[in-house]
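Just below is one structure, and these are the notes that go with it.
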Amino acid sequence: MDDEQQRPDHGPLAGFTVGVTAARRADELGALLQRRGAAVLHAPALRIVPLADDSELLAATKQLIDQAPDVVVATTAIGFRGWVEAADGWGLGEALLDRLRSVELLARGPKVKGAVRAAGLTEEWSPSSESMAEVLDRLLEEGVDGRRIALQLHGEPLPGFVEALRAGGAEVVGVPVYRWLPPEDLGPVDRLLDAAVSRGVDALTFTSAPAAASLLNRAEERGLLPALLTALDHDVLPACVGPVTAVPLQARGVDTVQPERFRLGPLVQLLCQELPARARALPIAGHRLEIRGHAALVDGELRPVPPAGMALLRALSRRPGWVVPRAELLRALPGAGRDEHAVETAMARLRTALGAPKLIQTVVKRGYRLALDPAADAKYADA
């Protein structure tokens, strides 16, 4: 049996921790990440509040039943279903469906299309890109001057979309089905922020612009925004499901990564490529050492490492092959105090965790160093 067959199987995200900010479909996203080996830290950055008893939604529904729009744009499956259910509750369900059968009904994507058809309706068109930009392009190409367009809002205003339609001469009626609000329990969000600032997560995922904005707002409230932006700029990968989701982050100068297709599966696949590519791999004592978020790969084998050990390993890897004094390693340890014996204890545990003690050399009276292979010395000599 060769080495590859003997190694335990682990996914491409093994050793990485990914923060999930989603309120909707968080379980699905978390399961996809865990299936690929990631540890998941979930903290919904917002909550969805249905407006079934809201006078605004009732007024918009009655208005559309009484005065037929030319076009209705359905933007989310949960929102469209919520609208029909709320209308049923008011005794207006059939009247609303009859009205929707008589208008040009556009569905933003396949899930919305499914909700439309489940209600016994048929959409006239749905964009292949699932983007509101393509919906807007179609409407403007058709011409909107003098047309009445109903827009099912999805928890946040769409100012650019609405303004473009109004500039083209359309009357736009908003249908607010539910709203995004901050979570009732801020504890998980605060723990996620603390983890991001301390580099306890390797990536943060965002599946809606309101979630991104909410997390940034909470960081600002706690005085953590500069530290969070620095983390996202250097060490924590911000991954967004699409360009609309990325807008609040980009407004703060944060560069994000996004999949070509704006879905959860491609988002996870993107992380499977990006995170391993960012991990540092070094030739150490005849082995290949790859340093990940909360673990190391030694010759491709996953070796979980405790937090203190990871702090030491990162400190040693900043200048591979160079001696790092005990005092400097002590400063790298979380909450270690002043006793350099804490370094020796954490170092012993790190060596045990790595399963190859010779990866780290003790340099008597000076400190420790990664045993960089001689052939690699020249490469890192001026690091």
* To do: Would you please give the residues with an amide H less than 5 Å from that of Leu41, counting only those at least 5 places away or on a separate chain, with H modeled from the backbone geometry?
  => Val18, Gly19, Val20
* Asked: If you bin every alpha carbon distance in segment 115-268 into 5 Å steps from zero, what whole percent lands in each bin?
  -> 2, 8, 14, 17, 17, 14, 11, 8, 6, 3, 0
* Per-residue HN-Hα couplings for segment 321-335, Karplus 6.51 cos²θ - 1.76 cosθ + 1.60 at θ = phi - 60°, whole Hz, x for Gly and Pro? -> x, 8, 6, 10, x, 4, 4, 5, 5, 4, 5, 6, 6, x, x
* Structure fact -> One would report the Cα pair-distance distribution of segment 270-328, bin width 10 Å, in %, as 21, 53, 24, 3
* Accessible surface of Asp202 - all protein chains present, 1.4 Å probe, nearest 10 Å² -> 20
* What residue among Pro334, Pro44, Pro304 has the largest mean-square fluctuation in a Gaussian network model of the chain, using Cα springs under 10 Å? -> Pro334
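Calculate the all-directions average of the projected area of the chain's alpha-carbon convex hull, and give it in nm².
On the way: hull surface 95.4 nm².
Answer in nm², one decimal: 23.9.
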* How big is segment 226-318 by Rg and Dmax over its Cα atoms, in Å? -> 15.8, 47
* Could you give the size of the charge dipole of the chain about its Cα centre, using +1 on the Cβ of each K and R and -1 on the Cβ of each D and E, expressed in debye and rounded to the nearest 20? => 1720
* What's the carbon and sulfur percent of segment 7-162's accessible surface, probe 1.4 angstrom, rounded to a whole number? -> 48
* Structure fact -> Heavy-atom accessible area with a 1.4 angstrom probe orders Trp180, Trp83, most exposed first, as Trp180, Trp83
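Over the residues of segment 303-361, compute the C-alpha Rg and express it relative to 2.2 N^0.38 Å. Don't skip to the answer; put the middle values down first.
Values: Rg = 10.5 Å, N = 59, 2.2 N^0.38 = 10.4 Å.
The reported ratio for this selection is 1.01.
So which GluC sites (Glu not before Pro) in segment 134-194 pass both tests, a DSSP loop state and at most 11 other Cβ atoms within 10 Å of the Cβ?
In loop regions of segment 134-194 (DSSP not H, G, I, E or B), the sparsely surrounded GluC sites (Glu not before Pro) are Glu184.
How many percent of the alpha carbon pairs in segment 13-53 exceed a separation of 11 Å? It would help to have the intermediate numbers written out before the result.
Values: 517 of 820 pairs.
Percent of Cα pairs beyond 11 Å in segment 13-53: 63.
Taking only protein heavy atoms into account and a 1.4 Å probe, give the accessible area per residue of the chain in Å². Please list the in-between numbers first.
Details: 18110 Å² over 383 residues.
Per-residue value: 47 Å².
The values are calculated or read from the model by the stated rules, or taken from the named source; none is laboratory data. Keep in mind that this is a model prediction, so the values were computed, not measured. Reconstructed Cβ throughout: ideal geometry from the backbone, glycine too, with neighbour counts over all protein chains shown. Just so you know, the surface numbers come from the protein's heavy atoms only, side chains and all, with ligands and any DNA or RNA stripped out. Shrake-Rupley method; radii C 1.70, N 1.55, O 1.52, S 1.80 Å.
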